[in-house]
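S.K.: Okay, here's the structure, questions in a sec.
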Amino acid sequence: MPKKPLIDQLHHEDSWRLFRILAEFVEGFETLSEIEVPLVSVFGSARFGEDHPAYALGYRLGQALAQAGFGVVTGGGPGVMEAVNRGAYEAGGVSVGLNIELPHEQKPNPYQTHALSLRYFFVRKVLFVRYAVGFVFLPGGFGTLDELSEVLVLIQTEKVHPFPVFLLPRGYWEGLLSWMEFLKAQGAIDPKDLALLTPLEHPEEVVAALKGVS
């Protein structure tokens, strides 16, 4: 008997995949909706260890947000994500990790008061945005840039509330901001949309700005 064509097999698996996707959304919504403090989603590289300046910056940010009454939401992995979770956790605050199953790099850090394990990136992205009152982007690479673009498009197209988007520290993001100015000059970006981004230098500035909108 001939084997079932691969495409038919994949279509069959899709039906069961829907249940896994739904289960991840339900668990994520139930977990995050029960948290009683305002949440700030923070993004950054998994590749920067404790000896990197971005780790120290992330720790200070997590600590400052927790001390100001905010909870943090990160990807739950190592590097900058760990630093932010650790800062909030050691300050006695809410520290959420949206952990993703990956073959490399991603390993859940131990500094989480609420930990979710997710298989699907798009579920994770929805959870990052659904309960956040602000977004902070620390030094990172492709993954961080992906999240930044997605958040900006959702705000630009009015699919989510226009919560503030912070880039920290200013120097790390200068090249990207210059390129965006070039895109604006080409007519690819509306000038008003660049105002969605707020580059800052210190965690305390982020906290002060969030207090003004939360």
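Laboratory data are not the source of any read-out in this text; all were calculated from the coordinates shown. As the structure is a computational prediction, the values presented were derived from the model and not from experiment. Don't worry about glycine lacking a Cβ; one is built from the backbone with ideal geometry, like all the others, and counts go over all protein chains shown.
S.K.: Along the stretch 58-73, what does the Karplus equation 6.51 cos²θ - 1.76 cosθ + 1.60 (θ = phi - 60°) give for ³J(HN,Hα), rounded to whole Hz, x for Gly and Pro?
M.R.: Running phi through 6.51 cos²θ - 1.76 cosθ + 1.60 with θ = phi - 60° gives x, 4, 4, 5, x, 4, 5, 5, 5, 5, 8, x, 9, x, 10, 10 Hz.
S.K.: Taking amide hydrogens as modeled 1.01 Å from N in the peptide plane, which residues meet the under 5 Å criterion relative to G76, leaving out close sequence neighbours?
M.R.: Under 5 Å from the amide H of G76 lie the amide H atoms of L98, each far enough along the sequence or on another chain.
S.K.: If you plug each phi of the stretch 140-154 into the Karplus form 6.51 cos²θ - 1.76 cosθ + 1.60 with θ = phi - 60°, what whole-Hz ³J(HN,Hα) values come out, in order, with x for Gly and Pro?
M.R.: Here the 3J(HN,Hα) series is x, x, 4, x, 5, 5, 4, 5, 4, 4, 5, 4, 4, 5, 5 Hz.
S.K.: When Rg is the radius of gyration of the Cα atoms in the stretch 13-126 and Rh is its Kirkwood radius, what does Rg/Rh come to?
M.R.: Dividing the radius of gyration by the Kirkwood radius yields 1.00.
S.K.: Let me ask you something else. If we count every other residue with Cβ under 14 angstrom of E24's Cβ, Lys/Arg +1 and Asp/Glu -1, where does the sum land?
M.R.: Neighbourhood net charge equals +3.
S.K.: Using only DSSP helix segments of four residues or longer, with each worth -39500 (n - 2.57), what per-residue ellipticity at 222 nm results for the chain after dividing by its residue count and rounding to 500? Intermediate results must be reported in sequence, preceding the final value.
M.R.: Values: 7 runs with 104 residues, N = 214.
Calculated from helices alone, the mean residue ellipticity at 222 nm is -16000 deg cm²/dmol.
S.K.: When N counts the residues of the stretch 82-132, how does its alpha-carbon radius of gyration compare numerically with 2.2 N^0.38 Å, as a ratio?
M.R.: Cα-based Rg divided by the globular estimate yields 1.15.
S.K.: Which far-off residues, 5 or more places away or on another chain, put their amide H under 5 Å from the one on L118, with H placed in the peptide plane?
M.R.: Amide H to amide H, under 5 Å and 5 or more residues apart or across chains, L118 pairs with N99, I100, E101.
S.K.: May I pose another question? What length, rounded to one decimal in nm, is gained on full extension from F121 through to D190, with 0.36 nm per residue of separation minus their alpha-carbon distance?
M.R.: Contour length minus Cα-Cα distance gives 22.0 nm.
S.K.: Give me, ordered by chain and number, the residues 5 or more places off L167 or on other chains with an amide H under 5 Å from its own placed amide H.
M.R.: Placed amide hydrogens put F137, T198, L200 under 5 Å from L167.
S.K.: Using the Cα centre of the stretch 74-178 as origin and beta-carbon charges of +1 (Lys, Arg) and -1 (Asp, Glu), tell me which of P162, G79, T113 is placed farthest towards the positive end of the dipole.
M.R.: T113
S.K.: Further question on the same structure: Of all GluC sites (Glu not before Pro) in the stretch 29-77, which ones are in loop regions per DSSP and have a Cβ with at most 12 other Cβ atoms within 10 Å?
M.R.: Details: sites: E30, E34, E36, E50; in loops: E34, E36, E50.
Filter output for the stretch 29-77: E34, E36, E50.
S.K.: Now, a different point. Relative to the Cα centre, what is the charge dipole magnitude of the chain, using +1 at the beta carbon of each Lys and Arg, -1 at the beta carbon of each Asp and Glu, and rounding to the nearest 20 debye? Show your work: numbers first, answer last.
M.R.: On the way: 17 positive and 25 negative charges, 64 e Å.
Computed charge dipole of the chain: roughly 300 debye.
S.K.: What residue among L200, L39, L102 has the largest mean-square fluctuation in a Gaussian network model of the chain, using Cα springs under 10 Å?
M.R.: Highest fluctuation of the listed residues: L102.
S.K.: Using a 10 angstrom cutoff on alpha carbons, build the Gaussian network for the chain and name the most mobile of G58, G69, G79.
M.R.: Fluctuation is largest for G69.
S.K.: How many times 2.2 N^0.38 Å is the alpha carbon radius of gyration of the stretch 156-203?
M.R.: Here the answer is 1.22, to two decimals.
S.K.: Using only Cα atoms, what is the ratio of the radius of gyration of the chain to 2.2 N^0.38 Å?
M.R.: 1.09
S.K.: Please go through the stretch 113-205 and write out the GluC sites (Glu not before Pro) that DSSP classes as loop and that have at most 15 other C-beta atoms within 10 Å.
M.R.: In loop regions of the stretch 113-205 (DSSP not H, G, I, E or B), the sparsely surrounded GluC sites (Glu not before Pro) are E158, E201.
S.K.: Need one number: nm distance between label points at A23 and L176, each 7 Å from Cα along Cα→Cβ, rounded to one decimal.
M.R.: According to this spin-label approximation, the distance is 3.4 nm.
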